[in-house]
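Below is one structure, written out as structure tokens, with a few remarks after it.
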Amino acid sequence: MSLLLPGWHCEAREHGLVAQRLGPLTDYQLLNGCLPEIAATNESELWLLRDAQARLAERVAVAEAVRTRS
């Protein structure tokens with residue numbers, strides 16, 4: 001697959017593409033919408049979903065850090 005997704009393992013499946021995170025998420029990230037796996041019908045959709053999930057995970061990690069400092 002030509003799709004580069006740093007931090008993700010990608011593979012084609014019967015009904016499209018699936019990407020799984022290579023690293024773990026914290027419980028806080030999982031509780032706040034971050035997904036360990038995403039699915040899409042094509043490479044463009046998968047790239048956009050991966051990018052959205054990466055940004056979400058980063059922002060939720062910041063929120064988690066702020067929470068632990070309070």
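Can you report the number of residues in region 7-24 which are open to solvent by 30 Å² or more (accessible area, probe 1.4 Å) and closer than 30 Å to Thr68 by Cα?
Total satisfying the criteria: 6.
Could you list, in sequence order, all residues of region 22-44 that are within 13 Å of the chain's Cα centre (by Cα) and without any contact (Cβ under 8 Å) to a residue 24 or more places away in the chain?
Those that are within 13 Å of the chain's Cα centre (by Cα) and without any contact (Cβ under 8 Å) to a residue 24 or more places away in the chain: Leu22, Gly23, Pro24, Leu30, Leu35, Pro36, Glu37, Ile38.
Determine the pairs where a residue that is closer than 21 Å to Gly7 by Cα and open to solvent by less than 100 Å² (accessible area, probe 1.4 Å), located within region 51-70, has a partner that is of a type in the set (Gly, Ala, Ser) and at pLDDT below 95 with Cβ atoms under 9 Å apart, the partner being 6 or more residues away or on another chain.
Ala54/Gly7
The values are calculated or read from the model by the stated rules, or taken from the named source; none is laboratory data. If you're wondering where the values come from, they're calculated on a predicted model, not measured in any experiment. Neighbour counts run over all protein chains shown; Cβ positions are idealised from the backbone, glycine included. Calculation scope for accessible area: heavy atoms of the full protein, side chains included, ligands and nucleic acids excluded. Shrake-Rupley method; radii C 1.70, N 1.55, O 1.52, S 1.80 Å.
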